[in-house]
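Peer 1: This structure is in structure tokens; I'll ask about it shortly.
The values are calculated or read from the model by the stated rules, or taken from the named source; none is laboratory data. The structure displayed is predicted, hence computed values, not measured ones. Ideal geometry is used to build each Cβ from the backbone, glycine not excepted, and the neighbour counts take in all protein chains shown.
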Amino acid sequence: MADVQTTGRPSRRRAIRNLATLIAGSPLLSLVDAGGNPVEAAQTAPGGQGGGRQGGGQPRGDRPPVITLPVYRDEIMKVINLHEFEDAAKKALSVAAYDYVAAGAGDELTLKANREAFGHYWVRRKIMVDTSKVDTSFELFGKTYDHPILLGPGGGKNIIAADGERLSALAAKKTKAIMVGGQVPMLADMGKKGEAPVWWGATLGEATQQQAVDFAKRSEDAGASALCITVDYPYTSARDRPSRDQWDPEWARTHVYGTSEFRIGFQAGMLDPYTPNLTWEWMKWVRPVTKLPIVMKGILTAEDAKLAVDNGVSAIIVSNHGARTLDGMGGTLDALSEVVEAVNGRVPVLVDGGIRRGGDVIKALALGARAILIGRPFLWGLAAFGQDGVQRVVELLQGELRIALGLSGAGTVKAVDKSFIRPAWKPYNRAMMSGSASR
Ligand SMILES: Cc1cc2nc3c(=O)[nH]c(=O)nc-3n(C[C@H](O)[C@H](O)[C@H](O)COP(=O)(O)O)c2cc1C
């Protein structure tokens, strides 16, 4: 688990850290530049928790404390950004399981577009602003949360990690992340033991009024604080990677691969209905029977955003399902402004798709998002390292968000507005957006 090392013998890494702390704190060591000023690298000892000494032995004065992230076992700490969790998960998973999570639909044009969209905007940083109080908190439905990073709904947690649903929920609780979706009886049970995170019931829609009402009531009774309906899944899509792996739709239930006598999932050219008859009627069925806010996930256009608000949704998530449905749609960040404008402040707008860095979060907030969701990154964390992996993913992203808030001049999530963003002069290239620049 996080925060503590349980072995009696200090690890080599711990020993190096201790030595570094000793050296950095030593008055004998004065790291200065050519002009005699303390250099940045000596500002804090690795792992220091505030009250450290500036290079040159100067006390930190009234500067705020250093914020470091919780420490996990070495193999987790070596993973230093969200991109790298994918590599770690790939090593831990079977080809079929990795492909299931990683794949987008078709040529994966939309999958790439989700990531590339972050290269279409650049941050406008402001200087000489007091950002000594960095604050990642945000408000939604009248409540304040620690940070605006939500865990998106994601099926298959139990096949990428034993007990993955529960471990994800425990990690959400620990990192104070809102979790969207999850197994309702399990979450009800966890709620009774005080182990459940703040969570929203999630559905891809129901075919009948009775089923829709049952979903709402079941979730509300089990302790959900909102309902999320994903509206972008009338049919499953063709996904080449799972199709090639002969994806077994029964795997999640049986935990044995290749036993399905039924059919191969996501196979080339197959039209597989899921909720083709889902319409605005769903809102008419569910809105009157629950007091919970209803969040609609999967909206990408101004027309649909207006209809959603007119039909009584309490928030919208701009999402293309992590590019797992219709290939050929643009990146979600590029659709965000259109939706935010159409909604015109009537309900909060959230966004997901390709968010991997604290700077990405700032861009989403600046374009009008209230908060963001991540999908694959936390699933990679889960697959590679279980609960700790999910926690590290959320903590890293929150940590990077703090840095971006501190450096951009915004300081707080609430202060980020459109003055912090501009269209890119020149888009980043694809290699940079996939994180290869960091390896
Ligand atoms: C393996 C997997 C399963 C998913 N299952 C669902 C789901 O059941 N319902 C849903 O609304 N979205 C689902 N999503 C989409 C995510 O909630 C989220 O919108 C998307 O992953 C965000 O993009 P990102 O993966 O680039 O962060 C799934 C995504 C993945 C990767």
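Peer 1: Please enumerate the residues belonging to the stretch 301-323 that are within 12 Å of the ligand (Cβ to nearest atom) and either touching a residue at least 60 places away in the same chain (Cβ under 8 Å) or among the charged types (D, E, K, R) (or both). Explain how you work it out, then say what you get.
Peer 2: Pass one, the stretch 301-323, residues within 12 Å of the ligand (Cβ to nearest atom): 317-323.
Hits for the stretch 301-323 are ILE317, SER319, ASN320, HIS321, GLY322, ALA323.
Peer 1: Among ILE362, ILE374, ILE421, which is the only one that is more than 16 Å from the ligand (Cβ to nearest atom), within 17 Å of the chain's Cα centre (by Cα) and at pLDDT 95 or above?
Peer 2: Exactly one residue qualifies, and that residue is ILE362.
Peer 1: Looking at (1) more than 22 Å from VAL318 (Cβ to Cβ); (2) at pLDDT 95 or above; (3) among the hydroxyl-bearing types (Ser, Thr, Tyr), which one does SER436 not meet, given that it meets all the others?
Peer 2: Tallying (1) more than 22 Å from VAL318 (Cβ to Cβ); (2) at pLDDT 95 or above; (3) among the hydroxyl-bearing types (Ser, Thr, Tyr), SER436 fails exactly one: (2).
Peer 1: If you go through the stretch 121-170 one residue at a time, how many are outside any loop (DSSP other than H, G, I, E, B), within 28 Å of GLY331 (Cβ to Cβ) and away from the ligand (no atom under 16 Å from the Cβ)?
Peer 2: Looking only at that region, the number is 7.
Peer 1: So, in the stretch 329-353, how many residues would count as being under 16 Å from PRO148 (Cβ atoms), within 16 Å of the ligand (Cβ to nearest atom) and either part of a loop (DSSP other than H, G, I, E, B) or among the small types (Gly, Ala, Ser) (or both)?
Peer 2: Residues that pass the stated criteria total 1.
Peer 1: Going residue by residue through the stretch 79-86, is there one that turns out to be more than 16 Å from the ligand (Cβ to nearest atom), out of contact with any strand residue (DSSP E or B) (no Cβ under 7 Å at 6 or more places or on another chain), at pLDDT 95 or above and more than 24 Å from PHE266 (Cα to Cα)? Step through it out loud before you land on a result.
Peer 2: So in the stretch 79-86, the residues more than 16 Å from the ligand (Cβ to nearest atom) come out as 79-80.
Imposing the further condition that a residue be out of contact with any strand residue (DSSP E or B) (no Cβ under 7 Å at 6 or more places or on another chain) reduces the set to 79-80.
Keeping just the survivors that are at pLDDT 95 or above gives 79-80.
If we keep only those that are more than 24 Å from PHE266 (Cα to Cα) as well, we get 79-80.
Yes.
Peer 1: Taking the conditions exactly as written (within 19 Å of the chain's Cα centre (by Cα), closer than 30 Å to LEU367 by Cβ, buried (at least 16 other Cβ atoms within 10 Å of the Cβ) and hydrophobic (A, V, I, L, M, F, W, C)), does LEU150 satisfy them or not? Break it down stepwise before answering.
Peer 2: Details: within 19 Å of the chain's Cα centre (by Cα): yes; closer than 30 Å to LEU367 by Cβ: yes; buried (at least 16 other Cβ atoms within 10 Å of the Cβ): yes; hydrophobic (A, V, I, L, M, F, W, C): yes.
So LEU150 passes the test.
Peer 1: Here is a further query. Looking only at the stretch 256-308, which residues are in contact with a strand residue (DSSP E or B) (Cβ under 7 Å, 6 or more places away or on another chain), more than 30 Å from ILE372 (Cβ to Cβ) and assigned to a loop (DSSP other than H, G, I, E, B)?
Peer 2: LEU271, the sole residue that qualifies.
Peer 1: Taking the condition of being assigned to a helix (DSSP H, G or I) and either within 13 Å of the ligand (Cβ to nearest atom) or of a type in the set (A, V, I, L, M) (or both), how many residues in the stretch 377-410 meet it? Spell out the reasoning first.
Peer 2: Of the stretch 377-410, the ones assigned to a helix (DSSP H, G or I) are 377-408.
This time we only want the ones that are either within 13 Å of the ligand (Cβ to nearest atom) or of a type in the set (A, V, I, L, M) (or both), so: 377-384, 390, 393-394, 396-397, 401, 403-405, 407.
Final tally of qualifying residues: 18.
Peer 1: Let me ask something else. All but one of (1) assigned to a loop (DSSP other than H, G, I, E, B); (2) free of Cβ contacts under 8 Å to residues at least 24 places away in the same chain; (3) surrounded by fewer than 14 Cβ atoms within 10 Å (Cβ to Cβ) hold for GLN210, so report the exception by its number.
Peer 2: Only one criterion in (1) assigned to a loop (DSSP other than H, G, I, E, B); (2) free of Cβ contacts under 8 Å to residues at least 24 places away in the same chain; (3) surrounded by fewer than 14 Cβ atoms within 10 Å (Cβ to Cβ) is unmet by GLN210, namely (1).
Peer 1: Criterion first (away from the ligand (no atom under 12 Å from the Cβ), over 23 Å from the mean Cα position of the chain (by Cα), under 19 Å from VAL180 (Cα atoms) and not in a loop (DSSP other than H, G, I, E, B)) does ARG253 satisfy it?
Peer 2: Details: away from the ligand (no atom under 12 Å from the Cβ): yes; over 23 Å from the mean Cα position of the chain (by Cα): yes; under 19 Å from VAL180 (Cα atoms): no; not in a loop (DSSP other than H, G, I, E, B): yes.
No.
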